[in-house]
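The structure under discussion appears below in the form of structure tokens.
The values are calculated or read from the model by the stated rules, or taken from the named source; none is laboratory data. Predicted model only: the values in this text are computed from it and were never measured. Positions of Cβ are generated from backbone atoms using ideal geometry, with glycine treated the same way; all protein chains shown enter the neighbour counts.
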Amino acid sequence: MGAGPAALCLTAELVEQGLDVKALASKSPLHPWPNTYGIWASELESLNMQSLLKYRWKDTVSFFGNGVETQGDKYTNHCLDYGLFNSIDFQKALYERCNGLSWEIETVEKIDFRETDTLVSCSSGEKYIARVVIDASGHSTPFVRRPVQGAIAKQAAYGVVGKFSAPPVDKDRFVLMDFRPDHLTKKELSQPPSFLYAMDLGDGSYFVEETSLACAPPLSFDLLKSRLNSRLSHKGIHINEIFHEEYCLFPMNLPLPYRDQPLLAFGGSASMVHPASGYLVGSLLRRAPALAEDIAKSINLTPLLSTSQIAKRGWKTLWNPELVQRHRLYHFGLQRLMSFDESLLRNFFETFFKLPRYDWYGYLTNTLPLPRLFIVMLKLFSIAPFKVRLGMMGLIINKR
């Protein structure tokens, strides 16, 4: 169920396993994806998929200055290539790997789990029967059951691709985070923080996006748009032409689904968004093959496994004990960051990127083994300024 990146990633792997797949979605799998997808280039290089990048930057930096004129241009050099997918080519490549599979344009209304199969009923009146059903339709799915664990924090972003009266970022540069607050009023500094994510696209066009890491309730698009315009105006820059506006809103701390349910999930439906960074695509590409292989093995076992047994085996593969523990650690970290005010958050990230590149990269991409993740978190605490340490221990509570 679904036709976005998660659905196509997994469907391609299931088809390559030789399984008989029926795909259902409310939109065509070739309907243009509305958002841009960024990724560290080395994530794709490890999968030999770097050709899918439309843009790639070697000059990758972040700004965590305090806005004082003499310090405002100091930056952290990440020394690691970053890229943006060519969304059309990425979508087409995944679709072609589905080997001619056609999607049924349907809206699923009900899923009935039976002993050896599952019945899917759609609003059109059509019914489909499958050995196992996988929900890859996104985080807002009504079918995947998960515990209720407090407020859901969401990352929100408003962005513009266009031409500007002056360059908003340096030529050939990618800015992961620009937290410089010199354009904010004292009142705005007391509000939930946001940062600029920006890049030079060449040919005089740029992508600039005001982003809130995570907040409950999320920052509104109107507020983010206002902050972006204020940030640009402070530099004497205005937008001359808009080619594309981007609106992003997704949960960062969605609880893991119940892993004994007979419905499998993948992608946002399965809470695979990285709670600390918001990244998802790299994880989709890395984890889809193992899940598809496990499903194929389960379906081909004799005697036949029930729908519930197949799903449970799939959940164990998708969320093995180590991945579950790492997810919990990331949730803990995000909860602490959400209590930080603007100044403390800048100091935290400035410290975070002082870690060795292997460590911060592994943390942001969820590729560190669990023991190493523990070590990295302890190392971060040990090198952090005293006030940041207090915040990491929960001893500084920001009351907005």
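Of all residues in region 305-323 being farther than 18 Å from residue 21 by Cβ and in contact (Cβ under 8 Å) with a residue 60 or more places away in the chain, which is surrounded by the fewest Cβ atoms within 10 Å (Cβ to Cβ)?
Looking at the filtered set, the residue picked out is 306.
Filter region 324-373 for residues that are free of Cβ contacts under 8 Å to residues at least 12 places away in the same chain and over 18 Å from residue 42 (Cβ atoms) and give the result.
328, 332, 371
Based on this model, can you work out whether residue 267 counts as on the phi > 0 side of the Ramachandran plot and in contact with a helix residue (DSSP H, G or I) (Cβ under 7 Å, 6 or more places away or on another chain)?
Yes; evaluated as a whole, the condition is true for this residue.
Go through region 278-312 and give me each residue that's of a type in the set (Ser, Thr, Tyr), part of a helix (DSSP H, G or I) and farther than 17 Å from residue 7 by Cβ. Steps first, answer last, please.
Of all residues in region 278-312, those of a type in the set (Ser, Thr, Tyr) come to 279, 283, 298, 302, 306-308.
Among the residues that remain, those that are also part of a helix (DSSP H, G or I) are: 283, 298, 307-308.
Correct list: 298, 307, 308.
Are any residues in region 117-144 surrounded by 13 or more Cβ atoms within 10 Å (Cβ to Cβ) and either without any contact (Cβ under 8 Å) to a residue 12 or more places away in the chain or part of a loop (DSSP other than H, G, I, E, B) (or both), and if so, which ones?
Listed by number, the residues that qualify are 117, 119, 131, 132, 133, 136, 137, 138, 139, 141, 143, 144.
In region 3-45, which residue that is hydroxyl-bearing (Ser, Thr, Tyr) and surrounded by 15 or more Cβ atoms within 10 Å (Cβ to Cβ) is modelled with the lowest pLDDT?
Step one: of region 3-45, the residues hydroxyl-bearing (Ser, Thr, Tyr) are 11, 26, 28, 36-37, 42.
Okay, now just the ones that are also surrounded by 15 or more Cβ atoms within 10 Å (Cβ to Cβ), so 11, 26, 36-37, 42.
Numbers: 11: 98, 26: 94, 36: 88, 37: 93, 42: 96.
Within region 3-45, the match that is modelled with the lowest pLDDT is 36.
Taking region 72-116, which residues are assigned to a strand (DSSP E or B) and of a type in the set (Lys, Arg)? Steps first, please.
If we filter region 72-116 for residues that are assigned to a strand (DSSP E or B), which is where we start, we get 76-77, 82-85, 103-105, 108-113.
Answer for region 72-116, where residues must be assigned to a strand (DSSP E or B) and of a type in the set (Lys, Arg): just 110.
Mind telling me which of the residues 258, 247 ends up being in a loop (DSSP other than H, G, I, E, B) and at pLDDT 95 or above?
258
Anything in region 18-49 that is of a type outside the set (A, V, I, L, M, F, W, C) and in a strand (DSSP E or B)? List them, or say none. Please lay out each step first, then the result.
Taking region 18-49 as the starting set, the residues that turn out to be of a type outside the set (A, V, I, L, M, F, W, C) are 18, 20, 22, 26-29, 31-32, 34-38, 42-43, 45-46, 48.
Selection gives 38 alone.
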